[in-house]
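The values are calculated or read from the model by the stated rules, or taken from the named source; none is laboratory data. Just so we're clear, the structure is a prediction, and the values are computed from it rather than from any experiment. Note that we place each Cβ from the backbone using ideal geometry, even for glycine, and neighbour counts take in every protein chain shown.
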Amino acid sequence: MIKVLDSFVADKIAAGEVIERPVSAVKELVENSIDAGAESIIVEIRGGGKSYIRVTDDGCGISFDEAETAFLRHATSKISGISDLDNIVSLGFRGEALASISAVSRLTMVTRRAEDMSGVKLVLHGGRVVSRERTGCNTGTTIIIEDLFYNTPARRKFMKTESRESSSIIELIQQYAVCYAGIRFMMINNGMTLFTTNGDGDSLAVIKQLYPSIARNGLLPVAYEHVNGFVSDPGSTMSTRKGQLFFVNGRLISSSVIEKGIEEGYQGRIFSGFPAAVLFIEAEPCDIDVNIHPGKQEIRFLRQDEVKSNIAEAVSRAVMTDAGVPKGFVKKIESAPEKKLNVDVRKKEETEQTSIREFLKSLDRKDSYEVPEVVEVTEVSEETEAVYVPVSSPAEALTEEIKKPAPFDFSELTFKGYVFNTYIIMQGSDELYIFDQHAAHERIFYERFMRGYNNSAHSPQPVLTAFTINVSNDVYSMSGEWLGDLIRMGYDIEDFGDCTFIVRGIPPYMSVGEAEGFARGFAEAAGEARGSNQVVIDKLITRSCKSAVKAHDVLSEQEITDLMSELAECDNPYSCPHGRPTFIKISSYDIERSFRRK
Ligand code: ADP
Ligand code: MG
């Protein structure tokens, strides 16, 4: 039943100018359709939504008697009292969207409940009911908004160009289509159908259909506690965060907490750019506050740290696996620059995408158009594509169907060769792996040094011939900041005067060459950083590892074997401390394909 909230409850609701642009109106209407239990939602716009918006659903509909009530401010069927605010499970709850939209447009609603013989057609202009009549119509609700902001010229001015407004709307519908893969979405723009999803619940299929560039290199399934979805392998990053979509309880949100969790989950394996991540997060309604943002695009997690570490764990379980090893020959995903719009797409044309492209071409103002992710026209890499784990969503269904990703098994590898004095070739059961000796060394050193630093007592191992380290004046004057750290790591090091330090003993876990390079690098790096908290130390060690590794050159087969077993023991054998991969893989299938055998 649609009731008007009392003013006490209404005042507790984050008030907001809900309708700022056509896309905000579309968002409210689509959310209403979802809340109404729709299985099919058609969104049609013209003129960027400025002149015409239609949202048609096959949801529960509204009765003749309540049709008008729905347009009163704070009229809602979704909550009734203050306690419900802590337990919101619907997308809407404020009961003001229809009131706000109808106040600034000419609005027509046609609606019918399944149990009613006839429906109702209601027309409002500027919020005033112009007509109400019974009508025959399908079950569900259609709302048509014409001439948005016709009576508020000031707000009309804030709208962007037609192409920008339509782009935002299309992007929004794509996002909902991914999240609600069980609902069939159809998007029509200026009379052209841009895409139709099939509503069978397979969110990965929708991602592939609507975001081909996110899915191009394959996505790794995420399934851990209440976090489900997909992330890209660490080698397939994008230059923006456009490939990151987060849905909390079915609500698309932006969240720095989630972004940080993802970053942590990759554990330094991202060398540059942002991984793609489509995550469906289930949270207890009482653990989140959705009522902090007028457009509801942000929510507050009441237990942020827990959320962050949960996300990190979920992502890490997905990428710290064999499937997460970067694939050779894979190009970096770029979001499509506009100028490429006219480029011919060579393969994998999906009709929906083609029509979007045609639509884009038809726009006269290409300059102002922000292309939603759909247009990926850079050359599709022929060589490789990860194996998709087919899953059917909704989010909860993901868990059962996903095979648990296995961690990487080094014991399966056999040594096959060593090339360019740098790369180690190993063979697995069905793949070839190429290890970067330097990256691997850096990782091993880094973990060894971090461990060395974190475990207090170290007795230095005396060196036969003491050596000295010469530093610049500024670094010398700051020795208080770094000398103690070296001693803690197990160096026997002493001020020798005149910008010089003498080393008589080194950490037991280093060779003399490594120890010398590391100490030098560490002192210099410390000269630039201040303080010695964990973050700084981590940075210093990361940088100094490089100096230690440089000492290494051509490896013997024994050294390669040692390197591999040391790498296998690392917490994160997959990347160097700077985020470069330590190894990549090429499947036998890819090799055969390159030889046109497949
Ligand atoms: P809210 O969604 O916050 O409840 P709205 O102003 O968006 O407020 O909608 C008011 C009420 O109208 C809803 O609570 C719902 O009962 C009804 N309603 C709106 N859109 C639809 C729809 N598409 N199908 C069925 N009922 C709807
Ligand atoms: Mg609503």
(request) List every residue pair whose Cβ atoms sit under 6 Å apart, with the two residues 6 or more apart in sequence or on different chains, where the first one lies in the range 125-149 and is farther than 21 Å from residue 58 by Cα and the second, anywhere, is surrounded by 18 or more Cβ atoms within 10 Å (Cβ to Cβ) and basic (Lys, Arg). (result) 148/50
(request) Kindly provide the set of residues from the range 483-492 that are touching a residue at least 24 places away in the same chain (Cβ under 8 Å) and either among the basic types (Lys, Arg) or surrounded by fewer than 17 Cβ atoms within 10 Å (Cβ to Cβ) (or both), ordered by number. (result) 484, 488
(request) Return the pairs, sorted by first residue and then second, in which the second residue is surrounded by fewer than 24 Cβ atoms within 10 Å (Cβ to Cβ) and assigned to a loop (DSSP other than H, G, I, E, B), the first residue lies in the range 517-534 and is modelled with pLDDT of 80 or more, the beta carbons are less than 6 Å apart, and the residues are 6+ apart or on different chains. (result) 517/551; 523/471
(request) Go through the range 478-495 and give me each residue that's out of contact with any strand residue (DSSP E or B) (no Cβ under 9 Å at 6 or more places or on another chain) and either among the aromatic types (Phe, Trp, Tyr) or outside any helix (DSSP H, G or I) (or both). (result) 478, 482
(request) Taking only the range 101-123 into account, find how many residues are within 16 Å of ligand 2 (Cβ to nearest atom) and over 19 Å from residue 47 (Cα atoms). (result) 3
(request) With the checklist (1) within 7 Å of ligand 1 (Cβ to nearest atom); (2) buried (at least 20 other Cβ atoms within 10 Å of the Cβ); (3) under 23 Å from residue 146 (Cα atoms) in hand, flag the one item residue 75 doesn't pass. (result) (2)
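If only one of 522, 496 is crowded, with 20+ Cβ neighbours inside 10 Å and not aliphatic (A, V, I, L, M), which one is it? Spell out how you get there, then give the answer.
Numbers: 496 fails: crowded, with 20+ Cβ neighbours inside 10 Å.
Exactly one of 522, 496 is crowded, with 20+ Cβ neighbours inside 10 Å and not aliphatic (A, V, I, L, M), namely 522.
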(message) I want to confirm something. Restricting to the range 535-559 and keeping residues that are assigned to a helix (DSSP H, G or I) and closer than 14 Å to residue 439 by Cβ, which single residue is modelled with the lowest pLDDT?
(response) 550
(message) Quick test for you: out of 442, 401, 373, pick the one residue that is at pLDDT below 50 and outside the structural domain of residue 179 (by TED's automatic domain parsing).
(response) 401
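Could you look through the range 222-242, keep only residues that are under 13 Å from the mean Cα position of the chain (by Cα) and surrounded by fewer than 24 Cβ atoms within 10 Å (Cβ to Cβ), and pick out the one that is nearest to residue 265 (Cα to Cα)? Steps first, answer last, please.
If we filter the range 222-242 for residues that are under 13 Å from the mean Cα position of the chain (by Cα), which is where we start, we get 222, 227-234, 236-242.
From the residues that got through so far, the ones that are surrounded by fewer than 24 Cβ atoms within 10 Å (Cβ to Cβ) too are 237-242.
Numbers: 237: 14, 238: 17, 239: 19, 240: 18, 241: 16, 242: 18 Å.
Step by step, filter the range 222-242, then rank; the result is 237.
Just give me the residues in the range 448-461 being of a type outside the set (Phe, Trp, Tyr) and either exposed (fewer than 12 other Cβ atoms within 10 Å of the Cβ) or within 20 Å of residue 546 (Cα to Cα) (or both), in sequence order.
We begin by selecting, within the range 448-461, every residue of a type outside the set (Phe, Trp, Tyr); these are 448, 450-452, 454-461.
The answer is 448, 450, 451, 452, 454, 455, 456, 457, 459.
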(message) Looking at the range 26-65 only, could you name the residues that are within 10 Å of ligand 1 (Cβ to nearest atom), touching a helix residue (DSSP H, G or I) at 6+ places or on another chain (Cβ under 7 Å) and not in a helix (DSSP H, G or I)?
(response) 41, 55, 57, 59, 62
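Might you check whether a residue that is away from ligand 2 (no atom under 13 Å from the Cβ) and out of contact with any Phe, Trp or Tyr (no Cβ under 8 Å at 6 or more places or on another chain) occurs anywhere in the range 73-82?
Yes, the range 73-82 contains a residue that is away from ligand 2 (no atom under 13 Å from the Cβ) and out of contact with any Phe, Trp or Tyr (no Cβ under 8 Å at 6 or more places or on another chain).
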(request) Would you check if there is a residue in the range 130-151 being aromatic (Phe, Trp, Tyr) and either within 22 Å of residue 48 (Cα to Cα) or away from ligand 2 (no atom under 16 Å from the Cβ) (or both)? (result) yes
(request) Keeping to the range 462-482, report how many residues are surrounded by 17 or more Cβ atoms within 10 Å (Cβ to Cβ) and modelled with pLDDT of 90 or more. (result) 1
